[in-house]
1. Taking the Cα atoms of the stretch 260-299, what is the range of coordinates along each of the three principal axes, in descending order and whole Å?
2. How high is the relative contact order of the chain, in percent, with contacts defined as C-alpha pairs under 8 Å that are six or more residues apart?
3. Hey, what D do you get for the stretch 474-561 in µm²/s if you plug the Kirkwood alpha-carbon radius into Stokes-Einstein at 4 °C and 1.567 mPa s?
4. Can you give the Rg and Dmax of the stretch 442-522 based on its C-alpha atoms, in angstrom?
5. May I have the count of lysine pairs in the chain with C-alpha atoms under 26 Å apart, counting pairs 8 or more residues apart or located on different chains?
6. Might you report the magnitude of the Cβ-based charge dipole of the stretch 401-497 about its Cα centre, with Lys and Arg at +1 and Asp and Glu at -1, to the nearest 20 debye?
7. Return the carbon/sulfur percentage of the accessible area of the chain, one whole number, probe 1.4 Å, all protein chains in place.
8. What fraction, in whole percent, of alpha-carbon pairs in the stretch 83-133 exceed 14 Å separation?
Amino acid sequence: MPDRLERDVRQGFDAETRRLLARRVPLGVSFSLVLAAVAGFLELAYFPGRLPALATSFASEAVLGLIAVAASRQERLRAILLPLVAATTLGIALLVVGYVVEVRASGDALAFALIVFLSGAALIFPWGAWGQVPVAVGVSAAYLAALATGVRGELPLPYGLLSVAGCAVTSVIGALFLDLHRRAIFQQRLQLERRRDEQLATLYDVTRAVTATLELPQVLWLVCQRVLDVLGLERLWLLWREAPDGALRGLAARRDGMEIQVTEIEGDGASWEDVLQSGADSQPSIVPPGADEARFLGGADPLPQHLLRLPLVFQSELVGIILGDRGGTQQARESSFLDFAATLGNSAAMAIANARLYALVLQHRAELLQLSNKRLDVIEEGMRRVSRELHDGICQALMAVKLDLALLQRQLPAEQRNAVQDIRAQVIDVAQGVRQMSHLLHPPVLDDFGPVAAIESITEKYRATSELEIRLTAPNPGLRFAPSIELMLFRVFQEALINVVKHSGARRVSVRIAAEDDAVVLEISDDGKGFDAHAYFRMPPASAGLGLIGMRERVAHFGGVFRVTSRPGAGTRIYVSAPAEPVPAVPVAAAL
């Protein structure tokens, strides 16, 4: 793995060198041409007759420079750009040497020009020894060739030789050291980028871990575990509030080999307020323990010499603070570590705040469910009272009126008895309607014989008044449950059957009721036109009633499961499961 990383570093550095070399080619060419132009103007000032040779040499140098610039702009030539630029640079130097040889110019001026040329190339082009050595060797060889042809200057010959040779060696060494310096900077930058990527990956992992659950105890445990692992702590202490106005609570975590032990801190939370407020400045820091922190950590053995103080702030609210044991040194004081710790603290604070909000939502949901349950209880009690009043009051009064009309009919003349008979028939119809309404509100058969019998009685009425084919399956027809559970099953079935008749257009309905694993299960399936159940519960249409939602609330009242499976053209299936234990049926006395 290290060899592979080192190979990746070399390849990246080589690619960076090629990109930088391509950007520096225009600068290097401009430097060479400007140097040649300045020397040419000096030549013309003293030797105007050398203009033709000077112009030819300068034009050739310009052509080579333009070739190098054009090559640097071609992506496909990037792989051979270094030798190409080195050859072009050496070619310009050879043209300068050739001009001096042709016009028999001063060898001293040639030496000075080559020294400046070698020094400038080493500083401008980032090619290291690979590019500078050929140029230095080629320039030195060209200078020796010029001396061999008889080019001389005013200074003694060894001066020029030593100057050019020394500059060649120095330029190679300088290019080598510049290359090493660039390589070190590149590696450091690469390490910083990798460290940043690792920190981002770590933060992502921490955020994903601590937000994997919304249960506050699990979130706190995960925060302790991740902070210990990521920041390299041996011990930490976490203070937090379960609510903005709640009391302080604390957790202590320490590393025990490969495991992390988390325990709750016992004590008076009010005495820890000063410790929490020490992080109110919202800035992580590494400091010696203060007096308040020393009292809070009095049970810690040994007492930390330096603490990482990490406030947990979410939306300007201080939700908690983490105190970490940094050991006997103040290592990792650099700003990058503290910035990383601050970002980690933000993730932990967000997770704790989300868990607190989730707990608050659950509390409010429980309160709303309790209110809804009370509303259902009140409604059911009112319906039971109205049913009893209809059955025992109005029905009995109507039966008394029927008897009185029968007595009156016998006392009237024959021509008036038909009118009384019609009135008696109307009273009987009204009594039947009131009795049926009473049974729909709260059927007595439900209290006497249980949910299977009550469902069967409703089924018979629908069979008689509609074309529905209803099939009821009950392994134990005499199965009884708590009265509230039986009433819930009856209401769900009643509402489901009403929906089938009104909306589904079904011809067959299957109903199953059974006890399974300490729960009662009710399934209602039809072959109707169906609907998009997911879309309905996600965003109910404006014309939708409260039937399905009311059924769901009734089942939720008992902590059960309510599930609707349906799609257009595929019918509808309602599944209800509620925790319930069967109770023995009470035998009902039969009339003899």
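1. Answer, in whole Å and largest first: 27, 26, 17 Å.
2. 7
3. Reported coefficient: 90 µm²/s.
4. In order Rg, Dmax, the Cα atoms of the stretch 442-522 give 12.5, 36 Å.
5. For the chain, the number of qualifying lysine pairs is 4.
6. The dipole magnitude comes to about 180 debye.
7. The C+S portion of the solvent-accessible surface of the chain is 59 percent.
8. The answer is 55 percent, as a whole percent.
The values are calculated or read from the model by the stated rules, or taken from the named source; none is laboratory data. Since this is a predicted model, take the numbers as computed values, not measurements. Neighbour counts run over all protein chains shown; Cβ positions are idealised from the backbone, glycine included. In case anyone asks, the SASA skips ligands and DNA or RNA and just uses the protein heavy atoms, side chains included. Shrake-Rupley method; radii C 1.70, N 1.55, O 1.52, S 1.80 Å.
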